Amino acid sequence: MIDLSTLTIKKAHDEMKSGKYSAVMLASAYLKEIENKNKEINAYLEVYNDVIEQAKEADKRFENGTDTILTGIPFAIKDNILIKGRIASSASKILENYHATYDATVIKKLKDAGVVFMGRTNMDEFAMGGSTENSAFVITKNPHDISRVAGGSSGGSAAAVAMDSALASLGSDTGGSIRQPASFCGLVGLKSTYGRVSRYGVMSMGSSLDQIGPFSKTVTDTEIIYNTIKGQDINDSTTISEKTYTSKEIKNKPVVGVPRHFLGGDGIKKEVLENFNQSLEKLKKLGYEIMDITLPNIAQSLAVYYVIMPAEVSSNLSRFDSVRFGLHKDGKDGIDDYFVTRGAGFGKEARRRILLGTYVLSSGYYDAYYNRANAVRRILIEDFVKAFEKVDIIVTPTTPDTAFKIGEKTSDPVAMYLEDIFTVTANLTGMPAISIPSGNLNVEGKELPLGLQITARHGEEDLLFRVGKEFLGE
Amino acid sequence: MITVQEIEKLANLARIRLEEDEKVSLTKEIDSILTYIDQIKKATVDVDFTPIPGAVHNIFRDDIPTSTSSTDRENILNEAPYREGDFVAVKKIIEQDVDL
């Protein structure tokens, strides 16, 4: 028996390398967990039928010495990332039967490293949501309490790792879609610097915001995956090089900034704030200096996000034309096909955001909303740059509350959007941010995880890993 | 207050058919979202919109034709809802023959 609950990438690698068990045995152990749990949790939309064959290939690499640290490691992949020949649907009816015709760059890198793909995971349709309740197919439940959501939009990828049915997974993060479910499920989740990880072969949502990133149980594992998937890519012109940003040398302990003025609102649960203060105490004991900082425009960030993101969504989703790929529904003529297909193929939240984006971009409103949002985004970035002159990292809770009940927020879009209050800033500024487990809160007899979010300057993922490892004692 | 007519106009621009009851519920939902995002109007914004020449900039590459294997071409064409030979098929879009 392999103890999956305490397994890490490094440990699995060492044990496969030493012959304690094979990649096939490891993959079989994870398949068994999927068989036992997925019916209830709905982490996966599809479990691949060639998992064992993939694991056999990984075992060959251990035999011939071409293995890497990720060879044979079972991964779950969010349904908006393309793996050639396999279905990628973004949990949408409009792509229900779409087969990817090429590999995303992150997938190619993972394939080269020899990982085993277990299956594709559930998500909010086109990554729009914070609970996976917007999936066209199923709702993913939180493995810590099945009456609650796993978070979103990458809820399936988080639940897959939290229920020990994959050792790691990939998600995408446009406004918090990796960090929020990581926090809800007790995992580490990383959104890297904008441009650090290629998005070639990933379905676009908000192109000035999207990043791909890992879920895992430890910061060390997250770092291993990040180092494998990062890098400049000729097929994604927004990718940056190692030299794009210069890192500041930090001689002693990094200085921790806390935007205290932003943490006092009604929206944040008292116990979450208490947990956050305990995290600050822990950092103090580890020798960090804590400093209050002011980010004058941070209160506007969610409103800015809900202008820019729908604007980009409405543009990106215009590609679904019922002609080249995806769903086709017949209307009375060619143009009507378009209306009928898009009306039937997109879910409620997708339709809502497309219309909202169309509104903020339409003539007469463009200046008041879209241009103004971009201007506020710019002064927000300046606020952060200025704050980072005094401190090295900025910490907040990842979410204002623990995982909420299924159905609790579905009728009120703004309540759902407020989930992203602490996470959207990193997408708007392009700065890297990580969510790490910061303890549990007992709610109605269930232990629900909470997360600490750490943000750093552009290009300083290594600092996030350093602080995260110290915090978790890795 | 956003009206049903405005929702219809947006749906037309976005090429999405909406059911009548959804048009009504969308007026309320879009209104509540717009009320929330209206706070961006409170921020003091005196910056101009000229892009800052920063770390992230456009990267160009030469447009070099690459050969696609026939299997790849088949796979791509097979994703189209309707195909005829090596073409993607759509409904006739010309109403009548035009005398030239």
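The values are calculated or read from the model by the stated rules, or taken from the named source; none is laboratory data. What you see is a predicted model; the values in this text were computed from it and never measured. Please note: Cβ atoms are built from the backbone with ideal geometry, for glycine as well, and neighbour counts cover all protein chains shown.
At a glance:
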item	result
Flag if A:Gly85 is outside any strand (DSSP E or B), on the phi > 0 side of the Ramachandran plot and touching an Asp or Glu at 6+ places or on another chain (Cβ under 8 Å)	no
A:Ala403, sole failed condition from (1) within 14 Å of chain B (Cβ to nearest Cβ); (2) farther than 30 Å from A:Thr246 by Cβ; (3) crowded, with 24+ Cβ neighbours inside 10 Å	(1)
Complete set of residues in the range A:373-392 that are without any contact (Cβ under 8 Å) to a residue 24 or more places away in the chain and under 30 Å from B:Lys9 (Cβ atoms)	A:Ala375
Matching entry among A:Phe75, A:Phe126, A:Phe62 (being buried (at least 21 other Cβ atoms within 10 Å of the Cβ) and either assigned to a helix (DSSP H, G or I) or more than 18 Å from the chain's Cα centre (by Cα) (or both))	A:Phe126
Among the residues listed as A:Ile308, A:Ile293, the single one being touching a strand residue (DSSP E or B) at 6+ places or on another chain (Cβ under 6 Å) and aliphatic (A, V, I, L, M)	A:Ile293
Cβ-Cβ under 8 Å pairs, at least 6 apart or on other chains, the range A:218-237 side farther than 13 Å from A:Leu110 by Cβ and within 14 Å of chain B (Cβ to nearest Cβ), far side of a type in the set (A, V, I, L, M, F, W, C) and not in a strand (DSSP E or B)	A:Gln232/A:Ile240; A:Ser237/B:Ile59; A:Ser237/B:Phe60
Selected residue [of a type outside the set (S, T, N, Q) and surrounded by 14 or more Cβ atoms within 10 Å (Cβ to Cβ)] from A:Leu286, A:Leu295	A:Leu295
A:Asn38, sole failed condition from (1) within 14 Å of another protein chain (Cβ to nearest Cβ); (2) in a helix (DSSP H, G or I)	(1)
Only one of A:Ile146, A:Ile212, A:Ile178, A:Ile107 that is surrounded by fewer than 24 Cβ atoms within 10 Å (Cβ to Cβ), under 30 Å from A:Asp3 (Cα atoms) and either touching a Leu at 6+ places or on another chain (Cβ under 6 Å) or among the hydrophobic types (A, V, I, L, M, F, W, C) (or both)	A:Ile146
Yes/no for A:Gly176 being modelled with pLDDT of 95 or more and either within 29 Å of A:His13 (Cβ to Cβ) or over 16 Å from the mean Cα position of the chain (by Cα) (or both)	no
A:Leu452 being more than 21 Å from A:Glu281 (Cβ to Cβ), under 20 Å from the mean Cα position of the chain (by Cα), outside any loop (DSSP other than H, G, I, E, B) and modelled with pLDDT of 95 or more	no
Residue match in the range A:413-420 (condition: buried (at least 24 other Cβ atoms within 10 Å of the Cβ) and either outside any helix (DSSP H, G or I) or of a type outside the set (Gly, Ala, Ser) (or both))	yes
Candidates A:Tyr30, A:Tyr21 - the one that is of a type in the set (Phe, Trp, Tyr) and outside any helix (DSSP H, G or I)	A:Tyr21
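A quick yes/no check of all residues on (1) over 29 Å from A:Asp50 (Cα atoms); (2) over 12 Å from the mean Cα position of the chain (by Cα); (3) at pLDDT 95 or above:
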| residue | (1), (2), (3) |
| --- | --- |
| A:Gly114 | no, yes, yes |
| A:Asn122 | no, yes, yes |
| A:Val149 | yes, yes, yes |
| A:Ser154 | no, no, yes |
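Yes/no per residue for (1) facing chain A (nearest Cβ under 7 Å); (2) modelled with pLDDT of 90 or more; (3) assigned to a helix (DSSP H, G or I):
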site	(1), (2), (3)
B:Glu6	no, yes, yes
B:Arg17	yes, yes, no
B:Leu26	yes, yes, yes
B:Ser32	yes, yes, yes
B:Thr35	no, yes, yes
B:Asp38	no, yes, yes
B:Ile52	no, no, no
B:Thr68	no, no, no
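Listed here are the residues, each with its yes/no results for (1) of a type in the set (D, E, K, R); (2) within 9 Å of chain B (Cβ to nearest Cβ); (3) in contact with a Lys or Arg (Cβ under 8 Å, 6 or more places away or on another chain).
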position: A:Val272; (1), (2), (3): no, no, no
position: A:Gln278; (1), (2), (3): no, no, no
position: A:Asn297; (1), (2), (3): no, yes, no
position: A:Ala303; (1), (2), (3): no, yes, no
position: A:Tyr306; (1), (2), (3): no, yes, no
position: A:Leu317; (1), (2), (3): no, yes, no
position: A:Ala344; (1), (2), (3): no, yes, yes
